[in-house]
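The values are calculated or read from the model by the stated rules, or taken from the named source; none is laboratory data. Keep in mind that what you see is a predicted model, and the values were worked out from it rather than measured. Because the Cβ atoms are built from the backbone with ideal geometry, glycine has one as well, and the counts that use them run over all protein chains shown.
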Amino acid sequence: MNPVVKFILLALPYFFMVAGVTIYTRVNPKLGGIPFFYWYQLVWIFIASALTSTVYFIESSEKKRKVTR
């Protein structure tokens, strides 16, 4: 996989978190009594970890292919 694509996958969630401050600086709507600000950030933790682990598994499979060649 192209290194630029890997960088984009890793940087994407952090770019949207920083660029979208006006989106998540509010209290409503609430989800289960938790203000929007908190559960929005919690969702991004899972998205960022999924993208990071995707890049990690792609990297490790590429390294294994290089070793076996």
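Odds and ends about this structure:
- Checking every residue in the stretch 42-54 against the condition of being modelled with pLDDT under 80 and out of contact with any Lys or Arg (no Cβ under 9 Å at 6 or more places or on another chain) gives zero matches.
- Matching entry among PHE37, PHE16 (being over 16 Å from the mean Cα position of the chain (by Cα) and modelled with pLDDT under 80): PHE37
- Within the stretch 1-50, the set of residues being among the polar types (S, T, N, Q) and more than 30 Å from LYS63 (Cβ to Cβ) comprises THR22, THR25, ASN28, GLN41.
- Residue check, SER53 loosely packed, with under 11 Cβ neighbours inside 10 Å, under 19 Å from the mean Cα position of the chain (by Cα) and not hydrophobic (A, V, I, L, M, F, W, C): yes
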